[in-house]
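Asks: Handing you a structure now.
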Amino acid sequence: FPVTIHPIVFTNQLPQLLAQELQMARDLGIVPIAVSDKQFDIIISQGRVKWAINLNHDLRFVPEFAYGQEIYHTVLVQGKPVLAAGLADIVGIEGNYLLLSISNYSGHYQPKSVSLELAKVAFKQAGIDISYADLEIIDFK
């Protein structure tokens, strides 16, 4: 039997901060991007990225920090629920990407570790080689 992943939906645990977080991202010119966007090479070259998978199964990324400010997972989905979210270190250029590490760390969404299975599928489908990735599993209480 093929393995079917039944996603769990995770909601923003800090909704009172959403307006401020989205405004800060707008002020800094930060918008969520896909692997296929030309800016993807730029943000992965600048360090760790935050990622999320929305309810439509779209995988999006933002830099973890921009201009010294932390960018929050909520920016990726405008505060809406996610199927998975976390941090990743990715290297590569022009469509040749390698995932070095991935975690399910998101203080806003606190996704369960099982969400990383969905993430691995999404990263692979986006053309990112996950073969050598270190998994960092966070168990939120």
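Asks: Given the options 33, 44, name the one that is of a type outside the set (S, T, N, Q), at pLDDT 95 or above and in contact with a Phe, Trp or Tyr (Cβ under 6 Å, 6 or more places away or on another chain).
Replies: 33
Asks: Next question. Collect the residues in the range 97-141 that are touching a helix residue (DSSP H, G or I) at 6+ places or on another chain (Cβ under 7 Å) and modelled with pLDDT of 95 or more, keeping them in residue-number order.
Replies: Selection gives 99, 102, 104, 108, 130.
Asks: Answer yes if at least one residue in the range 66-88 is open to solvent by 30 Å² or more (accessible area, probe 1.4 Å) and under 19 Å from residue 128 (Cβ atoms), and no otherwise.
Replies: There is no residue in the range 66-88 that is open to solvent by 30 Å² or more (accessible area, probe 1.4 Å) and under 19 Å from residue 128 (Cβ atoms).
Asks: Check whether at least one residue in the range 98-112 is crowded, with 20+ Cβ neighbours inside 10 Å, touching a residue at least 60 places away in the same chain (Cβ under 8 Å), closer than 18 Å to residue 31 by Cβ and out of contact with any Asp or Glu (no Cβ under 9 Å at 6 or more places or on another chain), and report yes or no.
Replies: Among the residues of the range 98-112, not one is crowded, with 20+ Cβ neighbours inside 10 Å, touching a residue at least 60 places away in the same chain (Cβ under 8 Å), closer than 18 Å to residue 31 by Cβ and out of contact with any Asp or Glu (no Cβ under 9 Å at 6 or more places or on another chain), which makes the answer no.
Asks: Counting only residues that are open to solvent by less than 80 Å² (accessible area, probe 1.4 Å) and not in a loop (DSSP other than H, G, I, E, B), how many does the range 37-46 have?
Replies: The qualifying residues number 4.
Asks: While we're on this one: Identify all residues within the range 8-36 that are over 17 Å from residue 59 (Cβ atoms), among the polar types (S, T, N, Q) and not in a helix (DSSP H, G or I); write none if there are none.
Replies: Hits for the range 8-36 are 11, 12, 13.
Asks: Pairs, please: C-beta under 6 Å, at least 6 apart or cross-chain, first residue in contact (Cβ under 8 Å) with a residue 60 or more places away in the chain and farther than 17 Å from residue 87 by Cβ and in the range 126-141, second loosely packed, with under 14 Cβ neighbours inside 10 Å and not charged (D, E, K, R)?
Replies: Sorted first by the residue in the range 126-141, then by its partner, the list stays empty.
Asks: If you check every pair at least six apart or on different chains, which have Cβ atoms under 8 Å apart with a residue in the range 36-56 that is closer than 16 Å to residue 92 by Cα first and a residue that is open to solvent by less than 60 Å² (accessible area, probe 1.4 Å) and hydroxyl-bearing (Ser, Thr, Tyr) second?
Replies: Filtered contacts from the range 36-56: 44/97.
Asks: Right, another one. Any residue in the range 72-89 that is modelled with pLDDT of 95 or more sitting within a Cβ distance under 7 Å of a residue that is basic (Lys, Arg) and part of a strand (DSSP E or B)? List the pairs, counting only those 6 or more apart or interchain.
Replies: So the pair list comes out as 73/50; 76/50; 76/60; 87/50.
Asks: Return the residues of the range 108-141 that are under 30 Å from residue 16 (Cα atoms) and among the aromatic types (Phe, Trp, Tyr); say none if nothing qualifies.
Replies: Of everything in the range 108-141, those that are under 30 Å from residue 16 (Cα atoms) and among the aromatic types (Phe, Trp, Tyr) turn out to be 109, 140.
Asks: In addition: Do you know which of the residues in the range 11-36 that are more than 18 Å from residue 86 (Cβ to Cβ) and within 15 Å of the chain's Cα centre (by Cα) is surrounded by the most Cβ atoms within 10 Å (Cβ to Cβ)?
Replies: My answer is 31.
The values are calculated or read from the model by the stated rules, or taken from the named source; none is laboratory data. Being a predicted model, the structure only gives us computed values, none of them experimental. Note that we place each Cβ from the backbone using ideal geometry, even for glycine, and neighbour counts take in every protein chain shown. Surface accessibility is based on the protein's heavy atoms, side chains included, excluding ligands, DNA and RNA. Shrake-Rupley method; radii C 1.70, N 1.55, O 1.52, S 1.80 Å.
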